[in-house]
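Engineer: Next up is a structure, given as structure tokens.
What follows draws every value from the coordinates through simple rules; no lab data is involved. On a predicted model such as this, the values are computed, not experimentally measured, just so you know. Using ideal geometry, Cβ is built from the backbone for each residue, glycine included, and neighbour counts are taken over all protein chains shown.
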Amino acid sequence: MAGSTSQPMLEKSKSLKLKPWEHTFPKEIDEKKNSKEFVYRFLALSAAMILDKRSSLHESTFKQRVIESIRVPTFDDTNPHGKRLKKKLEALRHTIENEYLQEFAIVIYRMPDEEDVVEVFSFKIAYNSDNITSVSLDSGIGTQETRNRLLEFQFKGLEQTKTNFTAMMKRLHKMLKNLNDLNNEEFDSSFRIAFTEKTPNDYVPEGFMESDKFYSISDPNIATIGMIGAGFQRVQLLMCSMLLKRGIDFNSTMTSLDESMMVPKPKQSIERAKQKKKIEEIDSTSAVKCFDCVGIDCMGSFCEGDYCMVSQYAPRWGSVRWGEPEIVKGCVSGKMISKDIRDHCEWAEDAEEPFTCFCNGKDLCNSPKMIRRFEKENVELVRCVCKGSHCRNDKTCLGEFCTYNINHRTKEVEQGCSNASVPLVERRAIGSCMAPPITGAMHHNVAKDAASLLAVEACVCGTDYCNSEKPAPSVPEKEKCAAYVEVNSMGTKTQSKNITCKGEYCFKTTVKSKIGALAGYTTYGCASFTGEDELPEELDPTGCAYFKSEKLEVKTCYMTKDKQAIGRALALKQVPESSAPAARKPGKGGRRKQQREDEMDDEEDDVEEEEEEEEPVKEKKPPKKTKNSGKEDKPEKSRESKEERKSQEVEEEDDEDEDEEEPKSKEEKAPIRATTVKSFIFEKPTQPPIPDDRNTTMITVFVLLILCILGSGIVIKFELHKKLKRSSYDTVAGG
């Protein structure tokens, strides 16, 4: 949810009507139940206002409401993204009711590092239980002074709360307008919460994940937006940002009113000064309900996302399996997911189950019955060079993609093949060299632990024998990235030190699993692409992609500031061929090659037709072997040879002229023949082309014919000489 805008709120003023306070907040907020409900609604309303300005979600994610003459955005639950955010925030209601919530924060960070925080909006909560005010504010941003202010704040009735609400909304709006814009390619945002001491240790609200880190930000400049309270709770809103515009002092008194937040006169139309950048387009994609479970036939729990997915997960560390591979169903979403993915499944040859499916045509489209109706794409495995301890005695292997791994510290090199072990991750990595490897299954045996993995460079490619030598990306590597590995397996967590690397892209991948012994894996690093493999049709070059299943959560992100790198990736993006899907490589790198082969085949057919038209009537030549013909017609060739000899005996001079012209025409067509020889079909074993030896045969026949003529002439001359000599002798003798 990254992006920016500094424009006023939506100006659909014609449809806005002044709603009473009770339409949004409880009327009697001095009661305990209503007090907690007021705090929850204030948090949700403020979060919508912040995200409207700092997340650049599509404008249809929000709707407008007028409260106390102030126009404020709220989440529109008729929109799939608005509904999802509203549902996520509803988890806060339970934490407030039980006095678990200590702080709610909207954190903006620089991708792909979630801990590289640049901006925070912090809501501190104080409770008043049994008339004793207590607050624990040891987390996040804040000072002793801000804590004391919250402790000293007193609820003075509904009218004072309304006044405080109006002042806070104006101040927040003013602050948001004076922040520098966010680059939606570089930043993302997240919700984070911290708990009070009374919260049970195993408590995790719905929609949130447990973490041992909250947030930290190096900028000490903290702005107090304001405080508001009800009968039993009070809230303090703080903001800290590294993106403040120069010369702005938010802590000074703001005496000017912000007219952009006041309700305009009826029928007054206000145009947006600038269209918001969109980070999540929803025109072509809406939230879909999916099965969220493990197994091809499972139909258990549910989730919602942009698309439903069926994939495979294999808990592996190098060549070591830490559990059996499983079919996983779940939801995918995120900016890196394309917005126009067709419903389809990919199947390996003779497989009983698909290994990848995408769909969003209808709810629960990843059911066993539905996925067998989707467009089917056959994916052939690639043959790779295999070298290393994992190969045993084999010199080649078959897999979804080929690998080339080198440990730059030990100089150890291993080549081999691998199958996709994590949903989405290897799909984006195909055709790249990365350091460290983006998953735990790529490195084979060249590293033993998280620390040694930092020295490993892993390359993956998707064509036959593409790993015979190390792939060499030649693109500019302009990104300086953090490099880090953390592995959680069998109850033990190991991690590497933090270093930096350079590449075309920075990446981050996080895997959390309850399948097998590999419980978690996190890696930061850099990647550069060779340009030999296509970008899969389901993915965009940058952003984050999320996969969520019952026992597996995956997040993978790619980020770059190099617009040329993004352009190169988009130029290689795969275009689906729905009408007639061709066999292709697992990494989706084979389709371009197949298209090139088809073009070569067409060219070869055209050449054959031209040659047939140019054949002389008096001379029939042997048929050329095509890609679909395996043998030559020998009896026909024999008959044609006899006719050639006959023709050459009768028209010797014409044959000499034709023989001189024939090599020239063949030489002119030779380059085309050399091109077509490179074409091959993946589904069948390739065979060497039958050499075209028509020229050699004709020359040989011609030479033999000349020799025969010469021999016959010598014999005739010798016999004639004998006759002449005998005649002379008989004449003398008879004389």
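Engineer: Among the listed pairs K33/K289; K411/K497; K170/K198; K329/K514, which have their C-alpha atoms separated by more than 23 angstrom in this model? Write out the running numbers ahead of the final one.
Structural biologist: Numbers: K33/K289 33 Å; K411/K497 21 Å; K170/K198 35 Å; K329/K514 14 Å.
Violating the 23 Å limit, Cα to Cα: K33/K289; K170/K198.
Engineer: Another one. Restricting attention to the stretch 152-229, which trypsin sites (Lys or Arg not before Pro) occupy a DSSP loop and are surrounded by at most 14 other Cβ atoms within 10 Å? Could the numbers behind the result be given before it?
Structural biologist: Values: sites: K156, K162, K170, R171, K174, K177, R192, K198, K213; in loops: K156, K198, K213.
Answer by residue number: K156, K198, K213.
Engineer: Given R₀ = 41 Å, what would the calculated FRET efficiency be for T166 paired with E375, taking r from the Cβ atoms and rounding to 0.05?
Structural biologist: 0.15
Engineer: Mark the label point 7 Å from the Cα of L570 along Cα→Cβ and return the residues of the stretch 319-355 whose backbone N is within less than 18 Å of it.
Structural biologist: Of the residues in the stretch 319-355, 335-341 have backbone N under 18 Å from the label point off L570.
Engineer: Scan the stretch 297-372 for GluC sites (Glu not before Pro) in coil per DSSP, keeping those whose Cβ has at most 14 other Cβ atoms within 10 Å, and list them by number. It would help to have the intermediate numbers written out before the result.
Structural biologist: Numbers: sites: E304, E326, E346, E349, E352; in loops: E349, E352.
Within the stretch 297-372, the qualifying GluC sites (Glu not before Pro) (loop, at most 14 other Cβ atoms within 10 Å) are E349, E352.
Engineer: Please list, by residue number, everything in the stretch 553-569 whose backbone N is under 16 Å from a paramagnetic label point 7 Å out along Cα→Cβ of E486.
Structural biologist: Backbone N within reach: 553-557.
Engineer: Next up: Would you mind calculating the gained length between A517 and D113 on full extension (0.36 nm times residue separation, minus the Cα-Cα distance), in nm to one decimal? Before the final figure, lay out each step's value.
Structural biologist: Numbers: separation 404, 0.36 × 404 = 145.44 nm, distance 2.58 nm.
Value of the extension gain: 142.9 nm.
Engineer: Continuing with the same structure: What shape does the stretch 288-592 take by its C-alpha gyration tensor, where a ≥ b ≥ c are the square roots of the eigenvalues and a/c under 1.5 counts as rounded, a/b above b/c as prolate, and the rest as oblate? Working shown, then result.
Structural biologist: Values: a/c = 1.39, a/b = 1.28, b/c = 1.08.
Verdict is rounded for the stretch 288-592.
Engineer: Placing unit charges on C-beta atoms (Lys and Arg positive, Asp and Glu negative, everything else neutral), compute the dipole magnitude of the stretch 288-592 about its Cα centre in debye, rounded to 20.
Structural biologist: Working: 42 positive and 40 negative charges, 168 e Å.
That gives a dipole near 800 debye.
Engineer: Now, a different point. Under the 0.36 nm per residue contour assumption, what length would be gained going from the current alpha-carbon distance of K33 and V475 to full extension? Show your work: numbers first, answer last.
Structural biologist: Values: separation 442, 0.36 × 442 = 159.12 nm, distance 6.08 nm.
Length gained between K33 and V475: 153.0 nm.
Engineer: Right, another one. In the structure displayed, which of K213/K339; K245/K478; K213/K362; K213/K387; K124/K156; K87/K512 lie more than 31 Å apart, Cα to Cα? Each step should come with its number before you reach the end.
Structural biologist: Working: K213/K339 33 Å; K245/K478 27 Å; K213/K362 38 Å; K213/K387 42 Å; K124/K156 19 Å; K87/K512 23 Å.
Flagged as over cut-off: K213/K339; K213/K362; K213/K387.
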